[in-house]
Amino acid sequence: MLPDQRIKYCGVTHPADVEPCVLAGAWAIGAVMTPHGPRALNPAAAVAVMAEVPAGVERVGVFVAPAPDAIARAVDACALTRVQLHDVDDVAGIAAAAGVPVTVAVPLADAGSIDVAEHIDCDLVLFDAAVPGAHGGTGVRADWTLLERRRPQRPFALAGGLTPEVVGDAVRRVRPFVLDVSSGVEGDVVGRKDAGRVRAFAEAARAAAMEEAA
């Protein structure tokens with residue numbers, strides 16, 4: 001993948017699903033580590049998934065409204081290299097407890113969401129679809145037009161309804177630093193990645209990135 005078109009395969013729930021993502025050129029593997037949504041893992045399952053992630057690929061723990069001590073335990077147990085936070089007010093406190101780079105998710109509700117993202121003290125912001133009561137993995141497409149009208153002044157990740165069929169359009173229109181996909185590369189079982197869709201997603205993203213670079 002081109003350096004500015006990294007892919008994070010998120011919501012991984014089974015150790016066997018890590019390899020096809022890595023073979024497709026994953027920048028990161030993400031697993032949900034707080035009890036929110038159908039892809040949430042218990043501590044033992046999270047350890048098992050992250051144990052399959054090779055060196056050089058980011059191991060990302062995804063947390064919703066976490067306690068700092070829970071973050072610290074997960075970082076140690078899973079050898080996380082990054083944490084992704086949803087519904088967190090004290091970003092600095094969580095970052096101090098984690099001791100690794102921090103991504104903060106921002107629901108892309110309106111132009112004000114971009115203002116919010118510009119001022120968060122974190123390593124990376126992730127724009128996702130604004131779905132009340134949900135924290136990603138919904139399959140709902142984020143409103144890309146907001147990012148087209150006003151491109152953030154910092155690197156950002158894009159999630160929300162990305163699939164092999166639409167990711168090329170997302171790359172051409174939004175040019176995110178990171179593409180974050182979960183449900184869009186699953187098969188018939190929620191949380192299980194389909195190797196064919198994983199590969200197709202990476203190929204479509206790569207083709208669009210090459211077009212943009214040409």
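Please give the Cα centre distance for the stretch 167-192 versus the stretch 26-98, rounded to the nearest Å. A separation of 20 Å, based on Cα centres. Placing +1 on the Cβ of every Lys and Arg and -1 on the Cβ of every Asp and Glu, with nothing else charged, gives the chain a dipole about its Cα centre of roughly 340 debye.
If the chain linking ALA45 and ARG173 were pulled fully straight, counting 0.36 nm for each residue of separation and taking away their Cα-Cα distance, it would gain 42.4 nm. Compute the whole-percent fraction of alpha carbon pairs in the chain spaced more than 32 Å apart. Here the long-distance tail beyond 32 Å is 9 percent of all Cα pairs in the chain.
Mind listing which trypsin sites (Lys or Arg not before Pro) in the stretch 106-214 are in a DSSP loop and have 12 or fewer other Cβ atoms within 10 Å? Loop-located and lightly packed - ARG150. The simple spin-label model puts a point 7 Å past each Cα toward its Cβ; for ARG154 and VAL166 those points are separated by 2.6 nm.
None of the figures in this text is laboratory data; all of them are computed from the coordinates on show. Computed from a prediction, not measured in an experiment: that's the story for all the values here. Neighbour counts are summed over all protein chains in view; Cβ atoms, including those assigned to glycine, are modelled from backbone coordinates with ideal geometry.
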